Amino acid sequence: MALDKQDYTSVVGSPPCGDSVQKWEIAPLGAGYTIRNMQTGTHLSVKELCRGATIFAGHFPTAWQFITVKVDDENAEMIEIRWPYTEYMFDLADWGNSAPGTKVQLMVHKISPMYHRCRLWKPVFVQHTLHSVLPERVEDDASSTTTISAADVPEGGELVLVTTTTTRTVVTKVPKY
């Protein structure tokens with residue numbers, strides 16, 4: 001899966017090549033996951049929820065549901081990417097056309113993923129993200145802000161999960177009367 005280099009918003013099927021338009025950060029968002037392109041910082045989303053709706057990269061994070069599917073033929077696990085609590089899932093347009101550059105869209109299928117493989121995606125681990133604590137500028141002695149970024153990469157992992165937590169503590173002195 002890659003961003004189309006003609007507009008950097010269209011999402012297309014593409015064989016792996018290591019190009020930055022194919023690198024995605026998968027991070028928890030509520031009960032699901034957001035998918036953000038590492039080059040542009042844009043998130044995968046849809047403009048409407050219907051059959052054939054085009055997946056595009058925009059500036060608002062969207063939570064997607066990941067369903068793990070075991071593929072016995074390849075002794076591998078792949079994922080279906082779905083709109084939460086629905087049958088809408090990522091699929092290649094033109095009934096699963098595997099030609100490079102085919103748009104990724106939402107479809108509804110009752111067929112087993114073993115017989116319609118173009119809706120299965122194989123995340124490939126590309127880099128380690130190290131745990132870090134980055135202190136931000138302190139405004140005064142009474143308040144401070146710390147941003148914590150942590151990566152959860154399974155051993156020999158295939159997904160990069162990043163969680164960012166921001167905590168701000170403000171101490172206010174109240175005079176005694």
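The values are calculated or read from the model by the stated rules, or taken from the named source; none is laboratory data. Everything numeric here is computed off the predicted structure, so don't read it as measured data. Quick reminder, even Gly has a Cβ in these numbers, built from the backbone with ideal geometry, and neighbours come from all protein chains shown. Surface accessibility is based on the protein's heavy atoms, side chains included, excluding ligands, DNA and RNA. Shrake-Rupley method; radii C 1.70, N 1.55, O 1.52, S 1.80 Å.
If the condition is being of a type in the set (Ser, Thr, Tyr), open to solvent by 20 Å² or more (accessible area, probe 1.4 Å) and modelled with pLDDT of 80 or more, then the range 93-118 contributes only Ser98. Checked against (1) free of Cβ contacts under 8 Å to residues at least 24 places away in the same chain; (2) under 25 Å from His109 (Cβ atoms), Glu80 meets all criteria but (1).
Could you list all residues from the range 10-20 that are more than 18 Å from Gln105 (Cβ to Cβ) and hydrophobic (A, V, I, L, M, F, W, C)?
Cys17 - this is the single residue of the range 10-20 that is more than 18 Å from Gln105 (Cβ to Cβ) and hydrophobic (A, V, I, L, M, F, W, C).
If you go through the range 60-84 and pick out every residue that is open to solvent by less than 90 Å² (accessible area, probe 1.4 Å) and not β-branched (Val, Ile, Thr), you end up with 11. Just so you know, in the range 38-59 the residues that are out of contact with any His (no Cβ under 8 Å at 6 or more places or on another chain) and part of a strand (DSSP E or B) include one that is surrounded by the most Cβ atoms within 10 Å (Cβ to Cβ), and it is Leu44.
Just so you know, in the range 1-36 the residues that are assigned to a loop (DSSP other than H, G, I, E, B) and among the acidic types (Asp, Glu) include one that is most open to solvent (accessible area, probe 1.4 Å), and it is Asp7.
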